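The values are calculated or read from the model by the stated rules, or taken from the named source; none is laboratory data. Keep in mind that what you see is a predicted model, and the values were worked out from it rather than measured. Neighbour counts are summed over all protein chains in view; Cβ atoms, including those assigned to glycine, are modelled from backbone coordinates with ideal geometry. Heavy atoms of the whole protein, side chains included, go into the accessibility calculation; ligands, DNA and RNA do not. Shrake-Rupley method; radii C 1.70, N 1.55, O 1.52, S 1.80 Å.
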Amino acid sequence: MSTLQITDLQVSVDTEDGPKEILKGVTLTIDSGETHAIMGPNGSGKSTLAYSIAGHPKYTITGGSVTLDGEDVLAMSVDERARAGLFLAMQYPVEVPGVSVANFLRTAKTAIDGEAPKLRTWVKDVNGALEKLNLDSSFSARSVNEGFSGGEKKRHEIAQLELLDPKVAILDETDSGLDIDALKVVSEGVNRFREREGKGVLLITHYTRILRYIQPDRVHVFVDGKVAESGGPELADKLEAEGYESYLSVAP
Amino acid sequence: MTVTADARDAVASALEVDHVESHLHPVSSFDLADHPMPTGREEIWRFTPLKRLAGALDDAPGDTDALTVETIGDASYVVGTLAPGQHPRGASLVPDDRASALACLHAPEAVHVRVPADAELDEPIGHRLTGAAGKRSHRHTVIEAGTHSRATYVLDHRGSGVHAGNVEVVVGDGADLTVVTLQDWDDDAVHVGTHEAVVGRDARYRHIAVTFGGSVVRTSSNVHYAGPGGDAELLGLYFADAGQHFEHRLFVDHNAPRTKSNVVYKGALQGERARTVWIGNVLIRKVAEGIETYEENRNLVLTDGCQADSVPNLEIETGEIEGAGHASATARFDDEQLFYLRSRGVSDEESRRLVLHGFFQDLIRKIGLPELEEKLTAAVEDELARNVAGKQL
Ligand SMILES: Nc1ncnc2c1ncn2[C@@H]1O[C@H](COP(=O)(O)OP(=O)(O)OP(=O)(O)O)[C@@H](O)[C@H]1O
Ligand SMILES: [Mg+2]
């Protein structure tokens, strides 16, 4: 059982003209076994929400709270949050030249589990995870994300999700830039994760397309740094038909 | 990290400036009188902390027992000694600074290493030099790689003292020679050195410099060609801690057509007054049509109080070339890389170590000598463990 609870979260970034408020009070509760989709137009603050939960230093929390199973996430360092069970699949995964995928995965797994994985099963697990995401086993030897195509980067994120096995996964536009085959492969990966006991997923997306493969329990419309409307899966259908216009016109 | 110039820009800008007499045409001479004691204002000395050279530039013979010499690998390739002017001594190296002239002058017997024509050596050969504290030494080594031979020569410097060393390399036509120079000195050592290679027709020369230790280490690694088709690769890796001055000067003189050069130096700096200097000089002479050159220097600055100077300098006298470019960048840790690693549970310290490891790994992979690669990886890990750990950056 795990619960990610976001309460009245307010976040700003530093700009040349002083701090700029981006999240204006976000409240969301993701219980274990639940998948929540957050949909919203460009610039509405979706990535800001994801990065703030993960602890990116660029963002300043100005109010509200985030807890995971009652623990204060905002008081934790970035790596403590990950070890506590949070995982962020990034919209733009970062290249780390000279660090092989194999080294990276083993280091991360060791950090999260607090002990090195058993060598024999681990190599098999890694190759299996890569293979299921249609990544050639030669990816193990390549530098992290360096020279990966956009789609390969996203599939690599989901391979990490499966291997690191967090409690709650935040997926920031994992679907964007994927062709339909890659979208299916990625969705299957996320669904395999969801089938595990008690996992929560916060799926951030721009398009309803991925929701045909990953059925959300709840859908939230995100506009101008807040949740403008929440509902069941049917809300996605409404967005598919009508877009965000009705929300934008009421926004100041 | 930014690339300061791509190939085309570099060529274009170099062609725009009128050709002026520059330090790329140094005065080469065995006569010490042609190399007066520098004041520090000279172009070739302006980065060097002359006061800390501890007599390295004084005209006085070295001390006895200043250097303990061990042979690495098969000693049968060390064939004897060479007096000044005794061929092939002087075939490649004519001193172009005072330190080099002194090493010639005060090393009447140069060590002669000769790899016979067509010989292919599977194991590295070389010398390990251990300097004695408070003593001055001079050394001149001549390495001759016969035509179509293949070999690796390792020069391993450790210990203490003040050392002026010349390495003179003659790479025969079609030969493939790798020279590795390790500067693993104690923290108080002073080392000034010139490595000059002449690369034969269709020959391949690789020079790998690794500097981890010493108070002041200044090496000038130069290459010129004896005919067309020669290929030179100059790689360097350094890690300067507090108070250390590591200066790597490179000069590739493309004096023959269709020759190639590739220079890649990478360094990390940390601690108060850690200082590195990289000078990458490339001269493309009028005759050097169809050549290809690229040089790159990257520095990673780990703490405040360090300084990395990086000066690429491309002088082009002909536009009829395949390509010429350079890149130079000095950066701090990339916050996005650290965030990415930490978001996977990896601690701040371990993330820094991974990024640094990766920074050097790119270069270490290029070396192509498995044993040395392993040693270097271990040495880098060692530096990182010693220095990055326990220090809140
Ligand atoms: N350093 C900054 N200075 C000024 N504004 C910023 C800065 N960083 C982010 N913003 C603004 O914050 C807002 C939210 O950005 P965010 O990346 O969270 O949006 P998003 O919903 O993820 O958009 P997208 O769908 O394009 O990924 C945007 O308007 C963006 O321009
Ligand atoms: Mg976004």
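Structure notes:
- Boolean, B:A197 is open to solvent by less than 10 Å² (accessible area, probe 1.4 Å), in a loop (DSSP other than H, G, I, E, B) and not β-branched (V, I, T): no
- For the range A:176-226, a residue qualifies if it is open to solvent by 60 Å² or more (accessible area, probe 1.4 Å), in contact with a strand residue (DSSP E or B) (Cβ under 6 Å, 6 or more places away or on another chain) and within 16 Å of ligand 1 (Cβ to nearest atom), and exactly one does: A:K226.
- Those residues of the range A:166-192 which are away from ligand 2 (no atom under 16 Å from the Cβ), within 14 Å of chain B (Cβ to nearest Cβ) and among the charged types (D, E, K, R), in sequence order: A:K167
- Residues within the range A:193-219 that are away from ligand 2 (no atom under 16 Å from the Cβ) and part of a strand (DSSP E or B), tallied: 4
- Only residues that are more than 8 Å from chain A (Cβ to nearest Cβ) and in contact with a Ser or Thr (Cβ under 9 Å, 6 or more places away or on another chain) were counted across the range B:354-373, and they come to 5.
- Scanning the range B:149-179 for residues that are of a type in the set (G, A, S) and either not in a loop (DSSP other than H, G, I, E, B) or not assigned by TED's automatic domain parsing to the domain that holds B:R128 (or both) turns up B:A151, B:G159, B:A164, B:G165.
- Scanning the range A:117-148 for residues that are in a loop (DSSP other than H, G, I, E, B), open to solvent by 70 Å² or more (accessible area, probe 1.4 Å) and away from chain B (no Cβ under 13 Å) yields A:K118, A:N134, A:D136.
- Residue check, A:S2 of a type in the set (S, T, Y) and under 13 Å from A:L202 (Cβ atoms): yes
- Qualifying residue in the range A:60-72 (condition: aliphatic (A, V, I, L, M), in a helix (DSSP H, G or I), more than 14 Å from the chain's Cα centre (by Cα) and more than 8 Å from every other protein chain (Cβ to nearest Cβ)): no
- Answer from A:D217, A:D136 - the residue that is over 27 Å from B:L341 (Cα atoms) and either of a type in the set (D, E) or touching a residue at least 40 places away in the same chain (Cβ under 8 Å) (or both): A:D217
- The range A:47-58: number of residues that are open to solvent by 10 Å² or more (accessible area, probe 1.4 Å), near ligand 1 (Cβ under 10 Å from one of its atoms) and within 25 Å of A:S2 (Cα to Cα): 3
- The test for being within 14 Å of chain B (Cβ to nearest Cβ) and either of a type in the set (F, W, Y) or assigned to a loop (DSSP other than H, G, I, E, B) (or both) does not hold for A:V99.
- B:P88 being part of a loop (DSSP other than H, G, I, E, B) and either open to solvent by 50 Å² or more (accessible area, probe 1.4 Å) or small (G, A, S) (or both): no
- Within the range A:73-85, tally of residues that are crowded, with 21+ Cβ neighbours inside 10 Å and either part of a loop (DSSP other than H, G, I, E, B) or within 14 Å of ligand 1 (Cβ to nearest atom) (or both): 1
- From the list B:S347, B:S310, B:S328, the one residue that fits, being open to solvent by 10 Å² or more (accessible area, probe 1.4 Å) and within 30 Å of A:D113 (Cα to Cα), is B:S347.
- For the range B:363-384, filtering for residues that are open to solvent by 50 Å² or more (accessible area, probe 1.4 Å) and within 20 Å of B:L269 (Cβ to Cβ) leaves 2.
- Members of the range A:30-55 that are more than 12 Å from ligand 2 (Cβ to nearest atom) and in a loop (DSSP other than H, G, I, E, B): A:S32, A:G33, A:E34, A:G55
- All conditions in (1) more than 8 Å from chain B (Cβ to nearest Cβ); (2) within 16 Å of B:S351 (Cβ to Cβ) hold for A:G114, with the sole exception of (2).
- When B:K51 is tested against (1) free of Cβ contacts under 8 Å to residues at least 24 places away in the same chain; (2) under 30 Å from B:H254 (Cβ atoms), exactly one condition is not met: (2).
- Taken together, the criteria exclude B:T68 from residues that are β-branched (V, I, T), assigned to a loop (DSSP other than H, G, I, E, B) and at pLDDT 95 or above.
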